[in-house]
1. What accessible surface, in Å², does a 1.4 Å probe find on His105, ignoring ligands, DNA and RNA and rounding to the nearest 10?
2. Setting aside same-chain residues fewer than 8 positions from Lys130, which aspartates and glutamates have a Cα under 19 Å from its Cα?
3. Of the candidates Met67, Met158, Met192, which one comes out as most mobile in a Gaussian network treatment of the chain with C-alpha springs shorter than 10 Å?
4. Just to be sure I understand: with springs between alpha-carbon atoms less than 10 Å apart, which residue in Glu196, Glu163, Glu51 has the highest mean-square fluctuation in the Gaussian network model of the chain?
5. Given an 8 Å cut-off on Cα distances and at least 6 residues of separation, report the relative contact order of the stretch 1-217 as a percent.
6. Taking Cα atoms of the stretch 147-224, Rg/Rh with Kirkwood Rh, to two decimals?
7. Setting aside same-chain residues fewer than 8 positions from Lys132, which lysines have a Cα under 20 Å from its Cα?
8. How big is the antiparallel share of DSSP beta bridges in the chain, given as a percent to the nearest 5?
Amino acid sequence: MIELSHVNKTYPNGTRALYDVSLNVDKGEFVFIVGASGAGKSTLLKLITCEERPDCGNLTVNGHDLMHIKRKEVPYLRRTLGMVFQDFRLISKMTVFENVAFAMHIVGASRREIKKRVPYILGLVDLQGKAKCYPAELSGGEQQRVGLARALVNNPDMIIADEPTGNIDPALSFEIVDLLSEINLRGTTVLMVTHEHSLVKQFHRRIVEIQEGRIVADSKELEAAAQ
Ligand code: ADP
Ligand code: ADP
C-alpha cells in the first residue's frame, strides 16, 4: 500500500521537514502517526497524496511510483485515497446528501448510482436522519461524520485523516476514531495523524512517532523485535 524508503523532504525555503524516513504500511493496517507540532506529520501525508514531492528516496502508494508519477496520473492516485481534514472542508451551500453526492458526481457516477449509494454511506456513519441538513446545522462531530462519508463514498483503498478530531469535543473524538476502526475492519487501510495521546491510548493500533523529521518509534517494530 505505502512503501517509503530513505525519503528526505526539504521545502523551497530550505526547511528540512523529513530526514531519511522509511515506512511500510500494508493493506488493512490502521496506523496512528503521532508527534509534536512541526515534527513533519503533515509533510509525510502530503508526500503520500502527492501534494509535495520527495527530494530523494523511493515512494510507492497504491501501486503508483510517486518519484516518477506524471501530473495526469495524480487524479488516479487520489481516487484510491479518501481524505479527511481537521476543518471538515464541507461545502456550506450543499446539504449533507449533496456534499457526499458531489464526491461521486466528480468521478462520473450516474444519478442512479448516487441515489443508491449515498443513503447507504450516510447509514454507515449514522447520519441517515440528517441528509437534508446543511453543515451549519450540525455539531462538529456530525460534520466530521459527513467528512468521513464523503471520503468513503467512492470506496477508496485507504483513508488518510489529518487531525480529524482536532476541532471536535473529546467525547465525540472517540466516536470518530471508533468509526474509522469499523471502516478499517471492513478492509480499508487507515492512516491517521493526531497529537492526542489520550485518544491513541484508547485504541490498540500501530503507532508511528515522528520527531524533528525522523521516525523515532514504531510500535510494529517493537512487537516484531519482541517475538
Ligand atoms: P506537523 O504536521 O507535524 O505539525 P509539518 O509537516 O507541517 O509538521 O511541518 C514540518 C516542518 O516543515 C516545520 O518546520 C514546518 O514549519 C515546515 N513546513 C511545513 N510546510 C512548509 C512549507 N510549505 N514551506 C516551508 N516550510 C514548511
Ligand atoms: P455538540 O455536542 O457537538 O456541541 P451541538 O450542541 O452543536 O453539538 O448540536 C447538538 C444537536 O443539535 C445536533 O444533533 C445538531 O444537529 C443540532 N443542531 C445544532 N445546531 C443546530 C442548528 N443551528 N440548527 C439545527 N440543528 C442544530
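The values are calculated or read from the model by the stated rules, or taken from the named source; none is laboratory data. Everything quoted here is computed from the prediction, not taken from an experiment. In this analysis, Cβ positions are derived from the backbone assuming ideal geometry, glycine residues included, and neighbour counts consider all displayed protein chains. Heads up: the accessible areas ignore ligands, DNA and RNA and are worked out on the full protein's heavy atoms, side chains in. Shrake-Rupley method; radii C 1.70, N 1.55, O 1.52, S 1.80 Å.
1. 110
2. The reachable aspartates and glutamates, counting only those whose Cα sits under 19 Å from Lys130, are Glu98, Glu142, Glu175.
3. Met67
4. Highest fluctuation among the options: Glu51.
5. 31
6. Here Rg/Rh amounts to 0.97.
7. Leaving aside lysines fewer than 8 places away in the same chain, those within reach of Lys132 are Lys93, Lys115, Lys116.
8. 50
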